[in-house]
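Report on the following structure.
The values are calculated or read from the model by the stated rules, or taken from the named source; none is laboratory data. What you see is a predicted model; the values in this text were computed from it and never measured. Because the Cβ atoms are built from the backbone with ideal geometry, glycine has one as well, and the counts that use them run over all protein chains shown. Remember, those area values only see protein heavy atoms, side chains included, never the ligands or the DNA or RNA. Shrake-Rupley method; radii C 1.70, N 1.55, O 1.52, S 1.80 Å.
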Amino acid sequence: MSEDIAKKDAAGRTVFVKTYGCQMNVYDSERMVSLLRPLGYRPVEAADGADLVILNTCHIREKAAEKLYSDLGRLRRTKDASDRAMTVAVAGCVAQAEGAEVAARADIVDIVVGPQAYHRLPELIARAARREGVVLDTDFSVDEKFDALARDRAAEGVSAYVTVQEGCDKFCAFCVVPYTRGAEISRSAEAIIAETRRLAAGGVREVTLLGQNVNAWASAPPPSARPGIWGFRPRADGTWGLGELCRALARIDGLERIRFTTSHPRDMDDGLIDALGEETKLMPYLHLPVQAGSDRILKAMNRGHTAADYLSLIGRIRAARPDIALSGDFIVGFPGETSEDFEDTLALTRAVGYASAFSFKYSRRPGTPAAVMPKQVAEEEKDRRLEALQARIKTQRDAFCDSLVGKDLPVLFERAGRKDGQLIGKTPYLQSVHAYAPASLIGEVARVRIEAVTPNALAGELAGESIEGRPARLKVGDAEETRV
Ligand code: SAH
Ligand code: SF4
Ligand code: F3S
């Protein structure tokens, strides 16, 4: 009923979505636009003149959360200057963590909607239109939002995200995610396979499986999966882990590449490591955050593993997939971190050799255990450590990129580049590559000789259109189609 009201009211309206934070938010924003499109909302590129503005927020660090309030201030001026009514919705992790405060602090906010409630947006918009005051929905629904949020297939490119898992039960002492995204839940294997098959049939060549702890994903096998077939190795309790899911997805015709992010070291089981070693469609790139290299700090962070555990895990992964490129996340200046502890972090990076990594200054998040820990580290010291770590990571990244110069790599072309005749694609190691190539290669994997390293990408030249003697893209029927 209320959806009908929203539909009638919204015909010919525009929505502007601004996304902060992680890939999960990027994915959720796309889903919200898909959900609103049938209601008559067309996405636009600026808040100016939009009927609906959605700020999809991030709460991970103080700066990220503060950004919302400064943007709301700016939006107030845009709204005052506009001659149309503008509805403002705050979504995402700030909405979940401090929804009531957002509503109280910013009177221009009409809707506060948490990450588990997006499928109820049409109803919330209808309620806001009836001027019911601030409409707040931060319930964790029992019913799955995964399948309630449809995809707009026309909007998919060559590479698409598929959410397979949400939430976190790990409770690292510094982190808000378990509070903003709730407990770990997995989407069913059946639904993921069906969605990926639809995407591949529509031209998607690469999927990135998303989850806050993606490798904690677990589900019953799809009903049609027969034990023992295709080398699936269900676990002792009969469930599938992420490795099995990837094996099933690898059998989907037309799909060329599979990635997943973000993994937790504790959930990296043998099934997934074996799949990384055996499944060529699984790309040799792994984002495996470790946060710190000192066992004392890892313990205080409640990571549940030591530096040696992490290194031995990396050893096992590399034994299975020797060319794997590793990435990680680091936090410097966690409470109580001494210069010796920080040296251990540098030593760990030396031992691993990262192809890329992200590093952050510890940010005190209200409500997390670390926020009230003694021996908070001074801001200047955090700056110094961050600079040293980032310099180290840059050296490793440069060395990794340099090692690829002169090599031929299979590149999946995704879109046109800024220069005429140039395309942008990705190496198996997730680096962007610019190369002059015909537009017909968009959506194809082609061999590219890497010629130069630029600050954010690689540059290369087309080295032939086929990979190992087979057509750049498998034609329908070439690959064994899976019915699982
Ligand atoms: N589930 C993922 C992603 C968590 S958020 C994981 O476990 O890796 C992404 C990164 O933000 C984390 O890996 C961590 O490095 C960083 N982060 C989280 N909380 C933080 C905080 N309070 N201060 C600084 N960085 C933080
Ligand atoms: Fe946050 Fe730790 Fe969970 Fe990652 S594993 S989301 S860092 S609590
Ligand atoms: Fe930020 Fe929430 Fe993602 S806090 S990093 S948007 S899970």
Across the chain: Cys residues that no other cysteine approaches within a C-beta distance under 4.7 Å: Cys22, Cys58, Cys93, Cys168, Cys246, Cys401
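So what is the accessible area of segment 291-420 per residue, in Å², with the probe set to 1.4 Å?
Values: 6180 Å² over 130 residues.
Per residue, segment 291-420 has 48 Å² of solvent-accessible surface.
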Longest exposed-site-free window of the chain, the sites being trypsin sites (Lys or Arg not before Pro) in a DSSP loop that have at most 14 other C-beta atoms within 10 Å: 236-363
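Run the numbers on the chain and let me know its relative contact order in percent, using alpha-carbon pairs under 8 Å that are six or more apart. Can you show the working numbers first?
On the way: 975 pairs, mean separation 49.4, N = 484.
Normalised by residue count, the contact order of the chain is 10 percent.
Let me spell out the model: positive unit charges on the Cβ of Lys and Arg, negative unit charges on the Cβ of Asp and Glu, origin at the Cα centre of the chain. What dipole size does that give, in debye rounded to 20? Before the final figure, lay out each step's value.
Working: 66 positive and 69 negative charges, 88 e Å.
Roughly 420 debye, rounded to the nearest 20.
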Segment 144-402 - percent of accessible surface contributed by carbon and sulfur, probe 1.4 Å: 54
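Sort segment 144-402 into rounded, prolate or oblate with this rule: let a ≥ b ≥ c be the square roots of the eigenvalues of the Cα gyration tensor; rounded if a/c is under 1.5, and if a/c is not under 1.5, prolate when a/b is larger than b/c, oblate otherwise. Working shown, then result.
On the way: a/c = 1.93, a/b = 1.67, b/c = 1.15.
Note, shape of segment 144-402 comes out prolate.
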GluC sites (Glu not before Pro) lying in DSSP loop within segment 37-124, provided at most 12 other Cβ fall within 10 Å: Glu45
